[in-house]
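The values are calculated or read from the model by the stated rules, or taken from the named source; none is laboratory data. Keep in mind that this is a model prediction, so the values were computed, not measured. No Cβ is skipped: glycine too gets one built from the backbone with ideal geometry, and neighbour counts run over all protein chains shown.
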Amino acid sequence: MASVLLPRPSLHVRRLVDLRFAEGAIVRDDFFLVEIDRFQGPLDLLLHLIRTQDIDVFDIPVARITDQFLQVIKGLDAEDLDSAGEFLETAATLIRIKAQMLLPHEGDDDDEDPRAQLVRRLLEYEQIREISQRMRSAEADRARRFSKGFIPARPKRLHQEMPLETTWADVLSAALSVEMPAPRQGLPRITARTISMQDKVVLILDSLQDRSGVEFSHLLKGFGDTMHGVMTFLAGLELTRQRVLFLRQSQPFSELWFYRNEEAEEGVTEDIGRIEVDT
């Protein structure tokens, strides 16, 4: 018979049952502890008792397993009705099978073994438990892996935004601070001249043919009229707006540079108006 060596614990304490099995008048020294709370249900506990003792599931010693099962469920609290009800139902099934095994057999030998239905339930439960354990193991293994994930392609931009590394106020101040070459002394004359912004566009682009950048003051060499400087500056702003070039100034009031935009499309918009200026 089986004996419980530990006192009955409360609901909030791990319920451990120390089972010692007796065979005849000799008490075996080998025993094991059964922690009831870690079992998912009565079938889990019953399968544990069978596998721990290396019992053939197709030839279960019902009397011994029933006694052990009853000893274990004595540790259940009466307040835990949901759990206790399942264990008591299985205990009743074991007692019924035990009684059928003790009664003399009558009739044909082809009658189904009283243990057959219980064996089928145990095998089905064991199979489901193994599948569940493999799935949990696969889930834990997957959780340790970190994939790159889906990264959507960045949309193409029609025009690349060129960062302006200074403010327009600084650019205008630098343009106005450029000193024009002093005109030659002579008789004052009033003449009407046509200054084309298109000419200044060509001037800037020609200056950038063999270099990546040109100083604003370099573009004014050879011109003594202030309006040439203004039109050159406006032409530079127009080319900047069309993203043909961009402006850069290292610090306020320093030299203004025009740089060619290497990613600009071929050709420059020809629709740049002409400005009539009287000097």
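Might you let me know whether segment 141-162 holds any residue that is modelled with pLDDT under 70, surrounded by 11 or more Cβ atoms within 10 Å (Cβ to Cβ), outside the structural domain of Gln249 (by TED's automatic domain parsing) and more than 30 Å from Asp44 (Cβ to Cβ)? Yes: one or more hits. Residues that are modelled with pLDDT under 75 and small (Gly, Ala, Ser) were ranked within segment 228-279; the one that is surrounded by the most Cβ atoms within 10 Å (Cβ to Cβ) is Ala264. The lone criterion from (1) part of a loop (DSSP other than H, G, I, E, B); (2) out of contact with any helix residue (DSSP H, G or I) (no Cβ under 6 Å at 6 or more places or on another chain); (3) at pLDDT below 80; (4) surrounded by 15 or more Cβ atoms within 10 Å (Cβ to Cβ) left unmet by Leu76 is number (2).
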